[in-house]
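Only one structure is covered here, and it is reproduced in the block below.
The values are calculated or read from the model by the stated rules, or taken from the named source; none is laboratory data. Model, not experiment: these values are computed from the prediction. Here the Cβ positions follow ideal geometry from the backbone for every residue, glycine too, while neighbour counts run over all protein chains shown. What goes into the accessible areas is simple: the full protein's heavy atoms, side chains included, and nothing from ligands, DNA or RNA. Shrake-Rupley method; radii C 1.70, N 1.55, O 1.52, S 1.80 Å.
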Amino acid sequence: MKEAKKIPYKIYLEESEMPKEWYNVRADMKNKPAPLLNPGTLEPMTFEELRGVFCDELVRQELDDTTPYFDIPQEIQDFYKMYRPSPLVRAYCLEEALQTPAKIYYKFEGNNTSGSHKLNSAIAQAYYAKKQGLKGVTTETGAGQWGTALSMACAYLGLDCQVYMVKCSYEQKPFRREVMRTYGANVTPSPSETTNVGRKILSEHPGTSGSLGCAISEAVEAAVSQDGYRYVLGSVLSQVLLHQSVIGLETKAALDKYGITPDVIIGCAGGGSNLGGLISPFMGEKLRGEKDYQIIAVEPASCPSLTRGRYAYDFCDTGMVCPLAKMYTLGSGFIPSPNHAGGLRYHGMSSVLSQLYDDKLMEAISIEQTAVFEAAAKFARIEGILPAPESSHAIKAAMDEAMKCKETGEEKTIVFGLTGTGYFDMMAYEKFNNGEMTDYIPSDDDLAKGFAGLPQV
Ligand SMILES: *Cc1c(COP(=O)(O)O)cnc(C)c1O
């Protein structure tokens, strides 16, 4: 039996202990992430070029890889107080069920109406758009969490919000769509006939179920073709990792309160924002040589950017209208199977995480979908929370680590990011419950097609 439970089930922070600054891990990286390139000139993108697409303050954040801390504006701190701090939960029930000597903690980001961590960056991006006096923002959404978060943030600040939603999600997740519309957003299934790039993609791939890459192209075109609009993106960009550092800063503050040092930190990786945010302060210590941690990115076997991708300059979108980013990528032409790992179906990975991974400062693994849902169902029954499929990749990896500890008798402390809830993913759970879920793993030939489209840089 375990010793007396000194650590509470949930470690909360007082309002006064909440982060007042975001942490920019790039400041401590010796090998900085490669700069975004202008696809025409192949020169690094300048402030002037980027500000046509993104808000000025966000461009400053995007281009800054030396300033370690950014003040969180008071208005954003106040908004955070509506749903933060998020709890750091000690998974006593899971430890008991697995009979593991490991100590498991998870940072739960699903306690807001949008149901995921994405609200942390949505409010920041909407705030800077509002401050710049813009009318509204455009964006894409895959599984729908980002669009929902942005709709909430825009409603709060009185900004117009136009969302291009990947067509398969638009059809599979009508409730997500309606939440966004309830918050006042305008939602269009992508690819659509409303943009040049959408029409082009539709003529080349009739009947396509869409992808994040396509939806990004459409949203960028919509932003630059309307006065008073800018484009915002919910993942991948370095500014998003910066905003999401609030997850890691809170986690670290909560652990520090009880003198806990994690051994292993695990997060799911789509574009890398939650993982990047969770690990940032820990990675900072690692980069400065103060501490060491094992850090594991978990991605779906159906969209394995880190584990099977190339580290190369690539387009961030299918329509090739965005700057080039150096990242682990499957190629911007890679359209993943319309499986249910929704929010993890992006062809590329944050350039910050890509560089850290290339420098062997973190590891990556991939997991198949049915194994992920088995872990999700088990977790729901044991810990009570119905997890998002994306988050469940991290759950599965954490459970596997805990089982390894059972074999070796090691009492490792494992921390993982539980990024959101799965209430809008019940179609996927239904498939799983009916035993109809399948695993899709792209062949080397499938991947070769994506790599063939990489730009020559
Ligand atoms: C979007 C999303 C993810 C993946 O995105 P990252 O940028 O890699 O964090 C993971 N979990 C949930 C719940 C999401 O909504």
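Key figures for this structure:
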{"item": "Qualifying residue in the range 401-419 (condition: under 29 Å from I260 (Cβ atoms), assigned to a helix (DSSP H, G or I), touching a strand residue (DSSP E or B) at 6+ places or on another chain (Cβ under 7 Å) and within 12 Å of the ligand (Cβ to nearest atom))", "result": "no"}
{"item": "Pairs, first under 18 Å from V232 (Cβ atoms) in the range 317-339, second open to solvent by less than 10 Å² (accessible area, probe 1.4 Å) and in a loop (DSSP other than H, G, I, E, B), C-beta under 9 Å, six or more apart", "result": "D317/S332; G319/T195; G319/S332; C322/S332; A325/G348; A325/S350"}
{"item": "Residue that is more than 15 Å from E250 (Cα to Cα), within 16 Å of the ligand (Cβ to nearest atom) and among the acidic types (D, E), where the choices are E109, E140", "result": "E140"}
{"item": "In the range 170-208, the residues that are on the phi > 0 side of the Ramachandran plot and modelled with pLDDT under 95", "result": "G207"}
{"item": "Residues (more than 15 Å from the ligand (Cβ to nearest atom), open to solvent by less than 10 Å² (accessible area, probe 1.4 Å) and in contact with a strand residue (DSSP E or B) (Cβ under 6 Å, 6 or more places away or on another chain)) located in the range 250-280", "result": "A254, P262, V264"}
{"item": "Some residue of the range 438-457 being assigned by TED's automatic domain parsing to the domain that holds R90, open to solvent by less than 50 Å² (accessible area, probe 1.4 Å) and either closer than 21 Å to Q172 by Cα or in contact with a Pro (Cβ under 6 Å, 6 or more places away or on another chain) (or both)", "result": "no"}
{"item": "Every pair of residues 6+ apart whose Cβ atoms lie under 9 Å, when the first sits in the range 207-221 and is farther than 13 Å from R345 by Cα and of a type in the set (D, E, K, R) while the second is at pLDDT below 90 and surrounded by fewer than 24 Cβ atoms within 10 Å (Cβ to Cβ)", "result": "E218/G319; E221/G319; E221/V321"}
{"item": "Helices (runs of 4 or more DSSP H) contained in the range 1-103 and holding at least 1 residues among the basic types (K, R) and free of Cβ contacts under 8 Å to residues at least 24 places away in the same chain", "result": "56-63"}
{"item": "Test: residue in the range 346-363 that is touching a residue at least 12 places away in the same chain (Cβ under 8 Å), within 14 Å of the ligand (Cβ to nearest atom), open to solvent by less than 30 Å² (accessible area, probe 1.4 Å) and touching a His at 6+ places or on another chain (Cβ under 9 Å)", "result": "no"}
